[in-house]
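Read through the structure below, which is laid out as structure tokens, and then see the notes.
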Amino acid sequence: MPSPMLPNEAGAHEAGAYEDAPLSDEPAEVDIIASEVVFEGRVWDIRREEFSYNGHPIVREFVDHPGAVAVLAMDERERVLLIKQYRHPIRHRDWEIPAGLLDEAGELPLVAAQRELAEEADLEADDWSVLAEFNTSPGGSDEAIRVYLARGVRAASEVFARTEEEADIEVRWVPLDEVVEAVLARRVQNPSLVIGALAAHASREAGWATLGDAESLWLRHPKLGAPAS
């Protein structure tokens, strides 16, 4: 008697030809039938789009986001710079790494990251690399974040005045291994911190061979990258 087929077995057979290929997300093009901003917010908007997929029209609403950068700054003792600040949607003062929106017209991601490190932590760095990239919530937002590793850190030439949620930022230098321990214990949950710390830990184990050029094009960014092909 033939064994029952698992629910995803047919799909697994179809994908068999790709089993030896490197694991990678696949860009896709769809026909956009209609696109409109249905809510214009102070920081980001809500966009509604109708598109054709597999021959069927689909309507989705999502956060129309400019994207962001984050900085995992590490000193010569392999301590990571963390900042704690209030985040109203989750009602927590959470531990984070410096980060900010790509909302300055024409500003390159690396320049934005350097600006955020100076504005949020009064620091500059000599050595910059791409550490990680991720999409925060692909089902409901086009937000993409690039995390940079910054080393050779030093005090910035200017101290910035901070307002609103940033006015009472708390700063702490924490050994990378302790940050990873806090992540795995679920005591810290900010996504840029979580992904950045785990990526840094893994990259360090690989002799930092996974790091990317800090000035490399961000091809996977929905707005800055090249069109899907």
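The values are calculated or read from the model by the stated rules, or taken from the named source; none is laboratory data. What you see is a predicted model; the values in this text were computed from it and never measured. Positions of Cβ are generated from backbone atoms using ideal geometry, with glycine treated the same way; all protein chains shown enter the neighbour counts.
Summary of values
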{"quantity": "Qualifying residue in the stretch 184-196 (condition: part of a helix (DSSP H, G or I), of a type in the set (Ser, Thr, Tyr) and modelled with pLDDT of 95 or more)", "calculated": "yes"}
{"quantity": "Tally, over the stretch 136-158, of residues that are part of a strand (DSSP E or B) and either more than 15 Å from residue 191 (Cα to Cα) or of a type outside the set (A, V, I, L, M, F, W, C) (or both)", "calculated": "10"}
{"quantity": "Every pair of residues 6+ apart whose Cβ atoms lie under 6 Å, when the first sits in the stretch 76-97 and is assigned by TED's automatic domain parsing to the domain that holds residue 175 while the second is among the hydroxyl-bearing types (Ser, Thr, Tyr)", "calculated": "93/86; 97/192"}
{"quantity": "Residue check, residue 154 surrounded by fewer than 17 Cβ atoms within 10 Å (Cβ to Cβ), among the basic types (Lys, Arg) and within 21 Å of the chain's Cα centre (by Cα)", "calculated": "no"}
{"quantity": "Residue 111 being surrounded by fewer than 19 Cβ atoms within 10 Å (Cβ to Cβ), aliphatic (A, V, I, L, M) and touching an Asp or Glu at 6+ places or on another chain (Cβ under 8 Å)", "calculated": "no"}
